[in-house]
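The values are calculated or read from the model by the stated rules, or taken from the named source; none is laboratory data. Model, not experiment: these values are computed from the prediction. Glycine also receives a Cβ, built like all others from the backbone with ideal geometry; neighbour counts cover every protein chain displayed.
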Amino acid sequence: MLCLRLTSLLVLVLGVSLGAAFPHNTLRKGCSLFKYKQVTFDEKKAVKKMQKEFRNIRQPGRNCDSGLLDRKWMSAHLSVPDRVVLVEAELNFTITMLQLSTHPGFTKMRQRPLAFLAQAREDLRGCVAPSHQPSGELSQWLQNLQVAMNMVSWVSGARGSRGVSDPHGCTLTPLLTQALSPPHENTGCLEDYAVRHVFEVLEDLNCAALQEQCS
């Protein structure tokens with residue numbers, strides 16, 4: 001009986017020790033995000049110039065839902081790995097949207113922000129273990145983002161379809177159904193959203209870099 005109790009205690013101690021050795025709220029060894037703890041003034045200035053140019057060329061009268069892909073929670077409320085997953089998804093979305101426009105003025109102004117965002121995305125790769133499972137609230141937001149991204153490719157080849165499901169089998173939430181209708185406005189609204197929210201992405205990147213210091 002004593003031997004059984006000692007065995008159980010040993011298992012408990014080992015479990016605690018392993019949990020301390022391999023914490024679930026940290027990033028993988030070798031992941032360095034130090035330079036993103038504070039985005040430089042020049043990078044922010046480049047983003048502002050790009051946003052200003054986009055406002056100048058933005059299609060007048062475009063009526064986009066201001067709540068598109070908004071969320072009720074802040075990245076600081078997520079675990080450290082979840083923050084990285086969030087920022088990676090945001091960077092993928094933002095980079096894709098910024099590359100859509102062929103307007104000469106905007107293509108010039110987006111060069112520096114795009115280079116910075118692309119480098120950040122590269123630096124984030126491999127920071128989170130492949131086995132990591134995002135939290136429920138983040139998973140829902142990621143699903144909405146994926147639907148929105150799918151809509152971009154759908155609209156490119158769609159001809160008059162106005163259904164509430166995209167060709168990839170994803171069902172639009174009521175918010176996305178309203179925000180992404182009619183279909184021909186989808187890409188424009190997503191592009192508009194991405195440009196307006198670059199600074200929010202930078203804030204989330206900063207929070208991911210700060211890790212436990214972000215609150």
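Data for the structure
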item: Enumeration of residues in the stretch 123-138 that are of a type in the set (G, A, S) and either outside any helix (DSSP H, G or I) or touching a helix residue (DSSP H, G or I) at 6+ places or on another chain (Cβ under 6 Å) (or both); result: G126, A129, S131, S135
item: Residue match in the stretch 64-82 (condition: in a helix (DSSP H, G or I), of a type in the set (K, R) and closer than 17 Å to V198 by Cα); result: no
item: Subset of the stretch 162-215 (residues that are at pLDDT 85 or above and not in a helix (DSSP H, G or I)); result: H197, C214
item: Only listed residue being more than 13 Å from E191 (Cα to Cα) and either in contact with a Pro (Cβ under 7 Å, 6 or more places away or on another chain) or at pLDDT 95 or above (or both), chosen from R112, R125; result: R112
item: Flag if R5 is in a helix (DSSP H, G or I), modelled with pLDDT under 75 and not small (G, A, S); result: yes
item: Lone qualifier among W141, W154 - being at pLDDT below 90, among the aromatic types (F, W, Y) and not in a loop (DSSP other than H, G, I, E, B); result: W154
item: Qualifying residue in the stretch 65-74 (condition: modelled with pLDDT under 95 and over 17 Å from the mean Cα position of the chain (by Cα)); result: yes
item: Pick from the stretch 24-42, criterion surrounded by 15 or more Cβ atoms within 10 Å (Cβ to Cβ) and closer than 29 Å to D192 by Cβ, ranking: modelled with the lowest pLDDT; result: L33
item: Boolean, A21 is out of contact with any Gly (no Cβ under 6 Å at 6 or more places or on another chain) and at pLDDT below 70; result: yes
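So that you can scan it fast, the table gives a plain yes or no per residue for (1) in a helix (DSSP H, G or I); (2) without any contact (Cβ under 8 Å) to a residue 40 or more places away in the chain; (3) under 15 Å from S135 (Cα atoms):
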{"site": "F54", "(1), (2), (3)": "yes, no, no"}
{"site": "Q59", "(1), (2), (3)": "no, no, no"}
{"site": "L86", "(1), (2), (3)": "yes, no, yes"}
{"site": "E90", "(1), (2), (3)": "yes, no, no"}
{"site": "T94", "(1), (2), (3)": "yes, no, no"}
{"site": "M97", "(1), (2), (3)": "yes, no, no"}
